[in-house]
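The values are calculated or read from the model by the stated rules, or taken from the named source; none is laboratory data. Please read all numbers here as calculations on a predicted model, not as lab measurements. A quick note on method: Cβ atoms are made from the backbone with ideal geometry, for glycine too, and the neighbour counts reach across all protein chains shown. Note: areas computed on protein heavy atoms with side chains; ligands, DNA, RNA excluded. Shrake-Rupley method; radii C 1.70, N 1.55, O 1.52, S 1.80 Å.
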Amino acid sequence: MSLCITLVDAQVVEPEKVVKKQGTRRANNKIEQGVDKGFDKIEEGLGSLFGKKKKKKKQESSKEVSNSEENNKQENQNNSNEQGEVEEQVAHTPNVVWNKFDFVPGDVVIFEDGPAVTEENGEFPSRWDLYQGGAEIAEVDGKPVITFITDIGNMHSKGIVPYLKNAKEDYLPEVFTIEFDAFFNPNEYNERYYFTFHDRKNQSRSNISQIVTYVNTIKMGTIEGSLKDKERSNYDKIAGWRHISIAYTKGKLKVYLEDQRLINIPHLEGQPMGITLAAGSGNMFLKNIRIAKGGVKYYDRVLQDGKIICNGIRFDVNKASLKPESMGPINKIYQLLQKQPSLNFSVEGHTDSDGDDASNKRVSEARAKVVMEKLIQMGISSNRLSYAGYGESKPLDNNSTPEGKANNRRVEFVKTEGKTASSHSNSSNKSMFTSLDRKTIDTKMNSLQSGNIEVANQSGVVLQNGTTIIYGTSDGYLGKMEVLDVDQNDNYKLTVRYVTYDDNGSVHSKSDHLEIGGTYTCDLDKGKTEDLISSEEDFWLNRSDDKSTTIVQSENTGFYVVPN
């Protein structure tokens, strides 16, 4: 990563993105018995959601649909703004792998600073006050950030504080969370940020040790923790943005760096009253600072209100791409659904009032869909979930302050009746799709009739979400796929997840989000929908009129609908 900074117009050269493409082809027509022993596990490092790519017709050439999108931790976002053109893709997301992240932000935002796009370069950040030292607004990747103007030495006793009317009072509740993103320069030693649990300008000392954050380590007095698999605590060749999360619950303190909890203090001496932030040297930047009041456990919220409100599920601006820190709340929702198999949710997206109504409606719906599909990818049965987007139409707070807007940008999980699991389901509540291995697929094919499968007709969509289909491919492999969505508004595009097995039962090819546009072909040996020759085609979507759509199996393939 290279870095180019000026105080008036600062920019960071975006780090190289890495796109992992999966899917290889073997020509082997012999089918043998085998069992996929590992598929029923929820693996560490959950796969990503996949982006929609503009498709060409069956006769045209285009690009291969990737099985996986990049893990992009260099986020270029300012969540306080929902305006602008909403991107056409529904799920162009980073490869969100924070599957053990258990930090859940507080319910109500009491301080928020992006900073806003209205801040001027070179000016002092308007939502902050100065204790000692200095700070200005700069730009990183075209987005406003806070940069520190530092003196030599003693920066631990200086810094900036939130500009609040009640700054002299204890404005931190008994249960709260604090988050911010901090930038570390590559190939630099000993860069650090100082976090103090009192407002140095307006409050008396809290007698709590400072939290000192290095690129790969957090220290607090005599306690410290470091990120796993990092060679040095105070130096990193790549460095970049780090997400810091702090959770305080009536004396208990937890501090996270990225997805790892590094500090865990059961009984913290002293009372947190406010905050002061400082950096140890120049060319260091902060963004996305948020203080939120904590609240009730998720299950208690469902019993009390019939829904769970999450403002900790976050996305890139005007997009449906999940930020990695969103996995804290999503992991908690997943655990709740696992423990409560009769619980079903409508996943509902909401925005603030920035931007036009139509764009906000579209982006809120796309975000809700991405969250729903992430839970399905993690193992929740699709018949327990639905999604909707309401844009700015149902605000919880006013839209005149950054805090109000932050509270309105949220994802809600609303309890629904849904299609609950059968009383004969096993304790892990597996869907039909999840329960099938290669051996079971081979057995079921002997009792089912293969043929073309109707997707939609003049009466509407007939192929329901959650339908499981098993198949034999043109290369002689067996597999399974589950219908995730049929989009009537996009030429009856079909979205599925699938697994194609090798002869020995291992995974040959898979995707948790594969999109097949109307009139396009699909190769389930590769997970490919474009640039196919006829011998590679396993099926294509036939459109006999403006509504009627059918999955047409190719020669030497077979497709079978599995009864519920």
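Would you kindly find the accessible area of residue 193, with a 1.4 Å probe and non-protein molecules such as ligands, DNA and RNA excluded, rounding to the nearest 10 Å²?
It works out to around 10 Å².
I'd like the accessible area for residue 522: 1.4 Å probe, protein heavy atoms, all chains in place, Å² to the nearest 10.
Its heavy atoms expose roughly 0 Å² to the probe.
How much of the accessible area of segment 297-420, probe 1.4 Å, is carbon plus sulfur, in whole percent?
Numbers: 2040 of 4360 Å².
It is 47 percent, rounded to a whole number.
Using amide H atoms built in the peptide plane, which far-off residues or other-chain residues are under 5 Å from residue 316 H to H?
Placed amide hydrogens put 321, 323 under 5 Å from residue 316.
Where the only charges are on Cβ atoms (+1 Lys, Arg; -1 Asp, Glu), what is the dipole of segment 306-362 about its Cα centre, to the nearest 20 debye?
It works out to roughly 340 debye.
When Rg is the radius of gyration of the Cα atoms in segment 300-351 and Rh is its Kirkwood radius, what does Rg/Rh come to?
Numbers: Rg = 12.1 Å, Rh = 12.3 Å.
So for segment 300-351, dividing Rg by the Kirkwood Rh gives 0.99.
Which of the GluC sites (Glu not before Pro) across segment 214-311 are loop residues per DSSP, with 12 or fewer other Cβ within 10 Å? Intermediate values should be presented prior to the final figure.
Details: sites: 224, 231, 258, 269; in loops: 231, 258, 269.
Those that pass, being in a loop and sparsely packed, are 231, 269.
Can you grab the distance from the C-alpha centre of segment 206-251 to the C-alpha centre of segment 434-456, Å, no decimals?
When both Cα centres are located, 51 Å separates them.
Taking H as built 1.01 Å from N, whose amide H comes closer than 5 Å to the amide H of residue 111, not counting residues under 5 places away?
Distant-sequence amide H within range of residue 111: 291.
Per 10 Å bin, what percent of the C-alpha pairs of segment 98-295 does each bin hold, from zero upward?
Result returned by the calculation: 9, 37, 40, 13, 0.
How big is the dipole moment of segment 297-420 about its Cα centre under a simple scheme where the beta carbon of each Lys and Arg is +1, that of each Asp and Glu is -1, and everything else is neutral? Debye, nearest 20, please.
Numbers: 20 positive and 16 negative charges, 106 e Å.
With only Lys, Arg, Asp and Glu charged at Cβ, the dipole is about 500 debye.
How many angstrom lie between the C-alpha centres of segment 155-171 and segment 512-564?
Result: 60 Å between the Cα centres.
Once the Cβ-Cβ distance between residue 396 and residue 342 is put in as r, and R0 is 35 Å, what FRET efficiency do you end up with, to the nearest 0.05? Kindly include the intermediate steps, with their values, before the conclusion.
On the way: r = 28 Å, r/R0 = 0.79.
E between residue 396 and residue 342, to the nearest 0.05, is 0.80.
Normalise the Cα radius of gyration of segment 297-420 by 2.2 N^0.38 Å (N = residues in it) and let me know the number. Intermediate results must be reported in sequence, preceding the final value.
Values: Rg = 13.8 Å, N = 124, 2.2 N^0.38 = 13.7 Å.
So the Cα radius of gyration is 1.01 times the expected 2.2 N^0.38 Å.
How compact and how long is segment 443-507, expressed as Rg and Dmax of its alpha-carbon atoms in Å?
13.6, 43
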